[in-house]
Amino acid sequence: MTERLASPSSLWSIHSAISITTLTLCTLYLFAFDGLTEVGNLWKSPTIPLLIASELLKWFVNVKWLKLVGRPKHIPVAAYQRHEAQLVNRIKYAVNIIITLAVFFFVYAFACIIFGAAIIEHLPGTISLSLVLVTLTVLPFVLYLGSRATWELLFCDEFQLTSKSQTAYLEYIQNNATACLFGAWISSIVVPLDWDRDWQTYPIPNVCGAMMGMAVSNGYWLLMGVGSRFTRIEKLLNRQKSN
């Protein structure tokens, strides 16, 4: 599969636009249709399916349109293409992704319990929050890099991809994941306050905080992408004038 020459600004603009559109739809549901109190309910809220659909759409754009797949430098192109062509390897690849997502799901659930969530009483909320965090922070990595490279990224000191576009997109999803986790963590401040509001109930603030962190990060990347494109156009026009 030959990668198309997509500029970092195009990558940031396209994927940020997808994320912001999805988060806007989630926000409209939460506030316009009184769905805020159901955000922690796995079966009643469409928030998690919308977020998953958004990440799958980004993956589709990368693979089918931009031909952009994160490939570490130490994996040869021929070996990578053979791996993609064999059905057995594709099945193993999918199973490894599911296992990686499951591991991180339990890590996030354990972290929620450590930070004070009741094991039984808050179980549905912990499941919902863990799914949101896995969807926004881990799913983008495994869809882009695969499970093996995702673990390598976590534990290897030197991790390099094969092109500037691949590295730019990796930087994009790394910053989004950081902003999402920070938003989920900092929003816990409102839970113990004695305001007696419905939206203070766990995990509503954490889910909303995670999405808000993701929205802020994507807003930043969208501005970066648009700004970079304008800068390139301005340079091109100046070059044409000078000629």
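Bear in mind these aren't lab numbers, they're just calculated from the coordinates by the rules spelled out. What you see is a predicted model; the values in this text were computed from it and never measured. As a convention, Cβ positions derive from the backbone with ideal geometry for all residues, glycine included, and neighbour counts pool all protein chains shown.
Rounded to the nearest 0.05, what FRET efficiency do Arg197 and Thr21 have when you use their Cβ-Cβ distance and R0 = 22 Å?
0.20
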Cα extents of segment 129-229 along the principal axes, largest first, in whole Å, come to 52, 34, 21
Burial-style ranking of 112-119, 101-108, 199-206, average other-beta-carbon count within 10 Å with highest first, yields 199-206, 101-108, 112-119
Pair-distance profile P(r), taking every C-alpha pair of segment 143-182, with 5 angstrom steps and integer % = 5, 21, 28, 31, 13, 2
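How would you order 176-188, 57-69, 139-151 from highest to lowest mean count of nearby Cβ atoms within 10 Å? Intermediate results must be reported in sequence, preceding the final value.
Numbers: 176-188: 19.6, 57-69: 16.4, 139-151: 21.6.
Highest-to-lowest ranking by the protection proxy: 139-151, 176-188, 57-69.
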